[in-house]
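Comments concern the structure below.
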Amino acid sequence: MPLNPANMIREPLVGFLIVGLLLFAADHQLNQNQPTIEITPALQQRLALLWETQTGQPPDAGELRSITDNWLREEILYREALAMKLDSDDEIIRRRLVQKLEFIIDEVSPALPTDAELRQYYQTHLEDYRLPERYSFIHYFYATPEAAEEARRRALAGETINGEPTLLNRANISKNLRQIAASFGPDFAVQLADSEATGWLPVIHSQYGYHLLNLTQRLPAEVVPFENVSQKVLEDITRSQTERRRNEWLESVRDQYRIIRSDEVR
Amino acid sequence: MKIKNLIVVSLLSALTACGGGTVDSSKEASATPAAKSQPDAATAHPGVPRDPERQAYFGDLHVHTMYSFDAFIFGTTASPDDAYTFAKGGTLRHPGGFDMTLPQPLDFYAVTDHAFYMGALRAMADPAQALSKHELSQGMDDLDNVPEGRRGRFNKIIQLIRSDRKDELLDPAVFKSAWDDTIAAANRHYDPGTFTTFIGYEFTASGDAFENLHRNVIFRGEKGPDLPYSRLASNDPETLWNWMDELRAQGIESLAIPHNSNGSDGMMFSLQDFTGKPLDASYADLRMRNEPLVEITQIKGTSDTHPALSPNDEWANFEIMPYKIATMQASRPDGSYVRQALLRGMELEEKQGFNPFKFGFIGSSDTHNASSDGPEDDHWGKTGKIDDSPAERASIPMKEPGEDGSRYRTIANTTWSAAGFAGVWAESNTREDIYDAFRRRETFATTGPRIKVRFFAGADMPEPNDPRLISRAYAAGVPMGGELSTEGKTSPEFLVWAAQDASSAGLQRLQIVKGVIRNGKPEEKVFDIACSDGGVVDPATHRCPDNGASVDLTTCRISADKGAADLRTVWRDPEFNSSENAFYYVRVLENPTCRWSTWDAIRSGYEPRPDYPATIQERAWSSPIWVAPADA
């Protein structure tokens, strides 16, 4: 018997098949619009574990059913809340999500920088490792300008001088101007910075009185050698990499948004 | 000046190889702790020069980091490492998001986290730690967003740890790792001659109703105990001292420094011990062997004295913090202040032959931000995000009135101060030299400015402009913290010398605070002894004339031409009686400047609070010198 399509449709079996297929397609279509909540073994395992860490023992069958029911109840409420867009404009949720995302970005941490990378970072950030000018001096105190000038004449002639009693420090080693201003006052620091010589400086005055200084060393502002700051360089590079990763990620998604800012004049 | 019969009990000889020599006359020699195998300060660091006339070093012995249970809740994530880096001049990020730097690095620093629950709250926020599963751990990693707020969570934790569920937050591994890190950070940052660190912690004991009995324990060497002794073992300070005695016998030398006696409701200097028994000689020995110092000033107020205890001291009403610690309940002044304690101690000595309150003074901050506080004009609070803005610390009004109708937040922090520092006179900036200065009480306290103060007593002090003033003063008497005994009829001579902090206001006056047991009764008196701006002390009232220093409360500008950079004098006690027991300590007063609360208000565009002092007279205190009849 030849196969005639018109005859085939009339066959009861084929007719059943066609109707079945149509029903199946319709059912599939309907289910796509109806959200599913599936209680999987993995989910129940997770709930059981959480229960155990909080109570110290695994849930029995009744308890497991009860915490599963509770989870289901919360999941439905949670989804309804999302559907009602209750999460938008909620500052707590907003911040929490930002934090979660930042954690995820931060977790993609690359391998420790190599020595060469550290050195390169150091070379391109030399300003971060610069020390200001530093001074080392022996300090002699006098209550009057005459006594200080007289002591300076004697010191220049090679005589020993003692200075008058003072609570200010005698020996000052490698202090920067900020520290010197804090100990001797800002006027003192300005006069010291202005003097260009080393050795016995012209007499300096301050709120305390008159100061004769034997300036033994003036260290210029300098960049600390890499070897002495490598640990700090490592910390700095790590911090800057984290910052960069966050920014890069932000830039990569930023283009998807049309941003309208009324606070910026175009 | 001749006083033939004056006997100097020299302290210098006491500071020797035993390394923890207390400063005591021969009758108390048994109280001298003799920790074995302590390094000698004179030989411990051959490369570090030592000045026999001693120099002033400034530091902070009371610093909390992320390991303290309360600091963590306040938002502090700075580690002990960060704290030491900050003290050396580095920058630290405040939990509130701004940067902090000291105007001048400190010379020494000790991180002193609470021993109980050390590291625990940080672990509660770490999902990898078992403690994070506790019910109170919920949201610990995100405290800005817990519904009850940081304060609310703090109170919940306090309730739990004061209940019989206190063990729930203990994890031995967490405790051990926090303590080991504390020790390692202190040792790592120690740079002999330049920057000294001490291993330390806080013993956070209290009475049943929040009577504050807190102490900081400071270790001399590079080794600490396996774990610090905490209130979880006992709240009785005697048990702490016994533990310290045991450690000392094993070669681990330490001392304890009580603080916030002002918040102890009379318990810190009570005449009864923790169990209610009257004090006795063995209690005094135990206490003095372990507690040569007290912290007289810090952010939570000053504990020198109280107006109710010292009605004739016009400067007694200074930075009074009237509450029991961690509450807003009143703390009784009686038994809570240092000056009265010194008097009680002498009274006990005279009547019963022992003195449990013979201590020197330091100040410190008690910061919970890992950072000592800056000057009044750069105040960043003490408790992280709890008081990181003027409205939070109630120096300006809240945006909206509180539930009780108040304009300002109701909070104990309103009675707090800006800062506090410890000063020592030591041969060099090393653990050995600075610790030994603690032991001989050659220490002083300041409210923030780095005021230096020298104080000596002896029969025949050099004149104030003697070119060898200091070496002669050491040779002729005892420095602050020392003891003199005399049979002479005339007063010993007191050499007092102070210099202002170059970046703060000038000095207004030098004072001597005298306490004496007269006819069996304690008495006290404040003498002005040197005045700035050419003023002369009135011999009848013992007061300087007003030097006219003023503060412009709209700009905080001070009168630049007032005050002294340096004040010094040799003073004799006009009321001296050689048959009386007496103590003397120095109080140095600066010219008035704006208080932190005034700076806050002006910068925020508000009037300073009318119920606060608008200005403050920053000050320094020397440790006392005790003068006793020779045959007492």
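The values are calculated or read from the model by the stated rules, or taken from the named source; none is laboratory data. Everything quoted here is computed from the prediction, not taken from an experiment. Here the Cβ is made from the backbone with ideal geometry for all residues, glycine too, and neighbour counts use every protein chain on show. Note: accessible area is taken over every heavy atom of the protein model, side chains too, but ligands, DNA and RNA are not part of it. Shrake-Rupley method; radii C 1.70, N 1.55, O 1.52, S 1.80 Å.
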In this structure, does B:VAL478 turn out to be at pLDDT 95 or above, more than 14 Å from chain A (Cβ to nearest Cβ) and either surrounded by 15 or more Cβ atoms within 10 Å (Cβ to Cβ) or closer than 22 Å to B:VAL424 by Cα (or both)?
yes
Quick one: in segment A:158-167, which of the residues that are open to solvent by 20 Å² or more (accessible area, probe 1.4 Å) and either more than 8 Å from chain B (Cβ to nearest Cβ) or hydrophobic (A, V, I, L, M, F, W, C) (or both) is farthest from B:LEU567 (Cα to Cα)?
A:GLY158
What do you reckon, is B:ARG468 within 11 Å of another protein chain (Cβ to nearest Cβ) and at pLDDT below 95?
yes
Only residues that are assigned to a strand (DSSP E or B), open to solvent by 10 Å² or more (accessible area, probe 1.4 Å) and away from every other protein chain (no Cβ under 12 Å): list them for segment B:561-592, please.
B:THR569, B:VAL570, B:TRP571, B:ARG572, B:ASN581
Give me a count of the residues in segment B:526-549 that are in a loop (DSSP other than H, G, I, E, B), surrounded by 16 or more Cβ atoms within 10 Å (Cβ to Cβ) and in contact (Cβ under 8 Å) with a residue 12 or more places away in the chain.
7
Unmet criterion (only one of (1) more than 39 Å from the chain's Cα centre (by Cα); (2) more than 14 Å from chain B (Cβ to nearest Cβ); (3) not in a loop (DSSP other than H, G, I, E, B)) for A:PHE141:
(2)
Cβ pairs under 9 Å, 6+ apart, first in segment A:181-204 and more than 14 Å from chain B (Cβ to nearest Cβ), second surrounded by fewer than 14 Cβ atoms within 10 Å (Cβ to Cβ) and assigned to a strand (DSSP E or B):
A:THR198/A:GLN217
Any idea which of (1) under 16 Å from B:ALA502 (Cα atoms); (2) within 11 Å of chain B (Cβ to nearest Cβ); (3) under 46 Å from the mean Cα position of the chain (by Cα) is the one A:SER174 doesn't satisfy?
(1)
Are any of the residues in segment A:215-222 within 24 Å of A:ALA143 (Cβ to Cβ) and either touching a strand residue (DSSP E or B) at 6+ places or on another chain (Cβ under 7 Å) or touching a residue at least 60 places away in the same chain (Cβ under 8 Å) (or both)?
yes
Checking B:ASP82 against (1) open to solvent by 30 Å² or more (accessible area, probe 1.4 Å); (2) closer than 30 Å to B:GLY363 by Cα; (3) in a loop (DSSP other than H, G, I, E, B): exactly one of these is not met. Which one?
(3)
Those residues of segment B:384-428 which are in a strand (DSSP E or B) and in contact with a Lys or Arg (Cβ under 9 Å, 6 or more places away or on another chain), in sequence order
B:PHE421, B:GLY423, B:VAL424, B:TRP425, B:ALA426
Just one of B:ASP70, B:ASP60, B:ASP51, B:ASP40 is at pLDDT 90 or above, part of a strand (DSSP E or B) and acidic (Asp, Glu); which is it?
B:ASP60
So which residues in segment A:168-192 are under 22 Å from B:PRO49 (Cα atoms) and touching a helix residue (DSSP H, G or I) at 6+ places or on another chain (Cβ under 6 Å)?
A:ILE180
Would you point out which residue out of B:LEU495, B:LEU510, B:LEU484 is away from chain A (no Cβ under 14 Å), out of contact with any His (no Cβ under 7 Å at 6 or more places or on another chain) and either buried (at least 21 other Cβ atoms within 10 Å of the Cβ) or in a loop (DSSP other than H, G, I, E, B) (or both)?
B:LEU484
